[in-house]
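The values are calculated or read from the model by the stated rules, or taken from the named source; none is laboratory data. These numbers come from a predicted model, not from an experiment. Here the Cβ positions follow ideal geometry from the backbone for every residue, glycine too, while neighbour counts run over all protein chains shown. Note: accessible area is taken over every heavy atom of the protein model, side chains too, but ligands, DNA and RNA are not part of it. Shrake-Rupley method; radii C 1.70, N 1.55, O 1.52, S 1.80 Å.
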Amino acid sequence: MYVLPDSDFPYTYEVDGDEMDPPKILGLAASLPAGVQFNFSNATSLALELRAGFRALCLYGQHLNEFAFSSIYYSPMIGANLQVYLFNFEIGFGANYDRILKFVPDLELGYRIRF
């Protein structure tokens, strides 16, 4: 059985004449970060982070009221991130790269709680 898009983007998929939702990507990533942080004051700092790890991905979707999962694909991953801390709030921009998804942008928003 083959499932092919029946039109240009946005794709709709048909199997045996029944329309189905396009498959979705399910993934898990694990990495080890290393970086440097520059403190300008008690309220402001800048951090640069590099990371290396792996990513596991599979496709999943629903057809005829049953979920179907593809095989799991593993890929090494590398990435970089620039974070700005201002009054315990954090915003970070970066990108990760792996062999399957290629470049994936990364946006982080957070709040730092000091113990």
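Checking the condition farther than 28 Å from I113 by Cα, open to solvent by 40 Å² or more (accessible area, probe 1.4 Å), in contact with a strand residue (DSSP E or B) (Cβ under 9 Å, 6 or more places away or on another chain) and touching a residue at least 12 places away in the same chain (Cβ under 8 Å), which residue from I72, I91 passes?
Details: I91 fails: farther than 28 Å from I113 by Cα.
After ruling out the rest, the residue left standing is I72.
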>> Suppose we filter Y85, Y60 for residues that are of a type outside the set (G, A, S), at negative phi, surrounded by fewer than 13 Cβ atoms within 10 Å (Cβ to Cβ) and over 12 Å from the mean Cα position of the chain (by Cα); which single one remains?
In response: Y60
> Taking the stretch 99-115 as the search range and keeping residues that are open to solvent by 90 Å² or more (accessible area, probe 1.4 Å) and either touching a strand residue (DSSP E or B) at 6+ places or on another chain (Cβ under 9 Å) or aromatic (F, W, Y) (or both), which one is modelled with the lowest pLDDT?
Replying inline: F115
>> Being open to solvent by 60 Å² or more (accessible area, probe 1.4 Å) and modelled with pLDDT of 80 or more is the filter here; which residues of the stretch 1-28 pass it?
In response: K24, I25, L26, L28
> When the residues of the stretch 39-55 are filtered to those that are touching a residue at least 24 places away in the same chain (Cβ under 8 Å) and loosely packed, with under 15 Cβ neighbours inside 10 Å, which remaining residue is nearest to the chain's Cα centre (by Cα)?
Replying inline: F54
